[in-house]
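Only the coordinates and a few stated rules stand behind these numbers; no lab work does. Treat the numbers as computed from the prediction; the structure is a model and nothing was measured. Positions of Cβ are backbone-derived with ideal geometry, glycine not excepted, and every protein chain shown enters the neighbour counts.
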Amino acid sequence: MAQVERQQWDVVVVGAGGAGLRAAIEARERGARTAVVCKSLFGKAHTVMAEGGIAAAMGNVNAGDGWRVHFRDTMRGGKFLNQWRMAELHAQEAPDRVWELETWGALFDRTKDGRISQRNFGGHEYPRLAHVGDRTGLELIRTLQQKVVALQQEDHRETGDHESRLKVFQECTVTRILKDGGRVSGVFAYERETGRFFVLEAPAVVVATGGIGKSFKVTSNSWEYTGDGHALALLAGAPLLNMEFVQFHPTGMVWPPSVKGILVTESVRGDGGVLRNSEGKRFMFDYIPDVFKEKYAESEDEGDRWYEDPDRNRRPPELLPRDEVARAINAEVKAGRGSPHGGVFLDVSTRMPAEVIRRRLPSMYHQFKELADVDITAEAMEVGPTCHYVMGGIAVDSDTAAARGVPGLYAAGEVAGGMHGSNRLGGNSLSDLLVFGRRAGLYAAAYAAGLTARPVADDAQVDAAAAEALRPFSAEGQEPGRADGRPPENPYTLHQELQQTMNDLVGIIRRQPEMEKALEKLADLRVRARRAGVEGHRQFNPGWHLALDLRNMLLVSECVARAALERTESRGGHTREDHPAMDRAWRRVNLLCRLADPTGGLAATDPVRGQIDLERENTEPVRPDLLALFEKEELVKYLAEEELYE
Ligand code: FAD
């Protein structure tokens, strides 16, 4: 095998969204030589697309807010399946992370008296989202990048080299985590433009690769969200936690087809937008579930009064957690009360003056004007559910962000599981990225510094990773999978079939026979994906890149389908038509997905049985002082019988 360039670092961070950058900054500040690898251009990540804001209980708009209230909301939103210690740390540390961003140069919108302004969002009891119009993620990433540059300038002054202690490898994809025995020893990656392979050796790797949305047909996610980090961790031997929980955001664009799935931020509802069906009815009042009944308005009048006087009125049900709103929209469309293009109507035009809409929701105004020729200051938008976020992810230690079972592996951000339980509240992702990105960087750097000998990335692993990456170029008939003389499979066709399968059979409403069918279809796609072939060469070849991403999407999709089939209840981002109720007994259960072949191989796996083993484990009991933050009557709705007894 040809020589592959190797470089030595202390910490490698895979992903340059909010979690990755915050981890890299922390690791570098703790003295670790840190490399960041990202699949797209530096600065282009989902974080930059975040619109509504960052949730942090600063109490700037309502002094009643505090970390305990934020913790309670997060646990309720996740239907108590959250890794409670993560939810606690997140609620406690988020305000500091927002303040820190300001000290690094971020400029949030202000209240009249000059404090950081905070807006309402679904599931949050008080106005809690610090924001910059509807372009909050852009400011967050801009600020973190500015901090990276500041650190690099500092390094240049000391060493004469900007990249001596913190270097970004942009437009590079990591395809394997390398190991020495059980421990992490680095990553194998390729440059997307040239196709050149390289190895970054490091004793600690932080995975911060974001989500999995590109496995679904209708999604708010962009091209790079193919579940790479989830798959990399699985292949390295770490389990994934509760992968059945996938968030379908209630409001994606539904028309025209070319923009279907693009997000319509929840701020539209937070700022007063209402949902109506084709009969003009504000239908959300019919969909308030029992667990939330006491907290939401019973009439339109009360809901409207809440915007002005939140202390004496209850919030409108348009601000229920996302899973509830998405299911309600789905039900209205199914009942024949949808909009012309299969969604419902979201209206701000009758609720706010045009200039306020343009000021508070500038991106939404332009998005609809340019993509759909709709003026949202004068007419309603058509919206429907879109696959948005994955709550499931790499199983991590709550405090250190260390991935379970693989020393040296850390995970933060959307790719990590546990924090959001069965459903994430809007705004809780940006805060999650900063809180746990920082923790991952901190503990990864400490781990690397504490080792006496560096783990080794041996040639055999590097050769195997290179061979795996080159397989799509192998000529027909040379590969075992192609010995039958059949032509190679087109990666784009495989991707489309996968997206359709997940959308139709493991989507927002799930049924046992459909998920079983999905698993059969995934088995077939897996066999065919081994024959995925591409033409041309390694210089920027998107077909090749997609062929490599298919491995990850198929692994992750199988995790979602298997776990969804196993969990016979409905909770948060997992709705079973055949098991429509939340079952308190399931609150005790985490589902872990592991690679069936513990050596990290894929080829030998039985196609029918699949690549994933599913395992049940008990959730950790919630600490009593945190449970005491809830009324007993509320806990009865969530906790299993034996937990209540305890
Ligand atoms: P990302 O920001 O997704 O970054 C992932 C990084 O990993 C990228 O740099 C990518 O290139 C890289 N990567 C992926 N695979 C590889 C690989 N194999 N090798 C190398 N690099 C790789 N959340 C909120 O809290 N508030 C909001 O208002 C909000 N609005 C949103 C709006 C939209 C349109 C979307 C899509 C999401 C929104 N979210 C919001 C969710 C939130 O933005 C994401 O969950 C969050 O940004 C994820 O951050 P991350 O750091 O985990 O990953």
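General remarks:
- By the beta-carbon count within 10 Å of each Cβ, the least crowded to most crowded order of Lys179, Lys44, fewest first, is Lys44, Lys179.
- Relative frequency of Cα-Cα separations exceeding 14 Å in segment 250-294, percent: 65 percent
- Cβ-isolated cysteines (cut-off 4.7 Å), the chain: Cys38, Cys172, Cys387
- Prolate is the label for segment 1-136, because the ratio a/c of its alpha-carbon gyration tensor axes (a ≥ b ≥ c) is 1.5 or higher and a/b is greater than b/c.
- With Cα atoms, 0 to 90° folded angle of helix 322-334 axis to the chain main axis: 80 degrees
- DSSP beta bridge pairing in the chain, given as percent antiparallel to the nearest 5: 65 percent
- Listed from fewest to most Cβ neighbours within 10 Å, the set Ser570, Ser267 follows the order Ser570, Ser267.
- Other-chain or far-sequence residues with amide H under 5 Å of Arg315's (modelled H): Ala297
- Relative contact order [Cα under 8 Å, 6+ residues apart], the chain, whole percent: 20 percent
- Members of Lys79/Lys214; Lys147/Lys369; Lys79/Lys334 lying beyond 28 Å, as alpha-carbon distances in this model show: Lys147/Lys369
- Axis angle, to the nearest 10 degrees, between helix 18-29 and the longest C-alpha principal axis of the chain: 60 degrees.
- Take the Cα of Phe540, step 7 Å toward its Cβ, do the same at His341, and the gap between the two points is 3.0 nm.
- Volume of the Cα convex hull of the chain, divided per residue and given in Å³: 153 Å³
- To the nearest ten degrees, helix 67-77 and the longest principal axis of the Cα atoms of the chain are 80 degrees apart.
- Anisotropy class of segment 104-225 from Cα gyration tensor, a/c 1.5 cut: oblate
- About the centre of its Cα atoms, segment 118-188 shows a dipole size close to 240 debye [charges on the beta carbon of Lys, Arg (+1) and Asp, Glu (-1) only; nearest 20 debye].
- Prolate/oblate/rounded label for segment 271-417 (Cα gyration tensor, a/c 1.5): prolate
- Packing-based ranking, highest mean first, of 431-439, 519-527, 308-316 given that Cβ atoms within 10 Å are counted: 431-439, 519-527, 308-316
- Taking a straight Cα-Cα cut-off under 17 Å and skipping sequence neighbours fewer than 8 places away in the same chain, the aspartates and glutamates within cross-link reach of Lys167 are Glu5, Asp10, Glu26, Glu29, Glu154, Asp155, Glu158, Glu191, Glu201.
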